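Just below is one structure, and these are the notes that go with it.
Each reported figure results from applying straightforward, stated rules to the coordinates on display, with no laboratory input. Source: prediction; values computed, not measured.
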Amino acid sequence: MGKPLALIGLVAVLSACGGEDLPPPSISPAAIVEEGPAADAPQDSQSTELQREVFSYRGSGRDPFQSLMRRGGEVRPFLDDLRLTSVAYDTRFPNRSVAILRDQTDGQRYNVRVEDQIGRMRVTEIRPGEIVFTIEDFGVPRQAVLTLRRSGN
């Protein structure tokens, strides 16, 4: 009883479609030639123009696809582990000044200039008797100052 009902439903659907033959669209052979692939090709090779999408991240402060742990996770030395031992300050050309730092945990010595990078810290400015670092913690920059201690202390 299920097969005859399905057959009746199929006949009803096919008869509802109409079954009429539609005439073919009237397209002239000249229109086919004009709309062919040669009509889309540029006539002059200099008229070809390429457009690309360009993404930039100026407003957010950092690239969201860049890892928060740069340089393979190297975060040492910490600011608390460093001691400023001396500053050679050049008054005529302050960017040529050199500061000497010592890591108190392993005794490593660092000779740094402005824009040098030590771990997560970048030397922003060298002043007489102090050094200014910019430290980036998870994409948020902050500044810290390390002051030269007198030998009596």
(request) Please report the relative contact order for segment 80-136, taking Cα pairs under 8 Å with a sequence separation of at least 6, and give it as a percent rounded to a whole number. (result) 28 percent
(message) Give me the extension gain from Val145 to Asp63: residue separation times 0.36 nm, minus the current Cα-Cα distance, reported in nm with one decimal.
(response) 26.8 nm
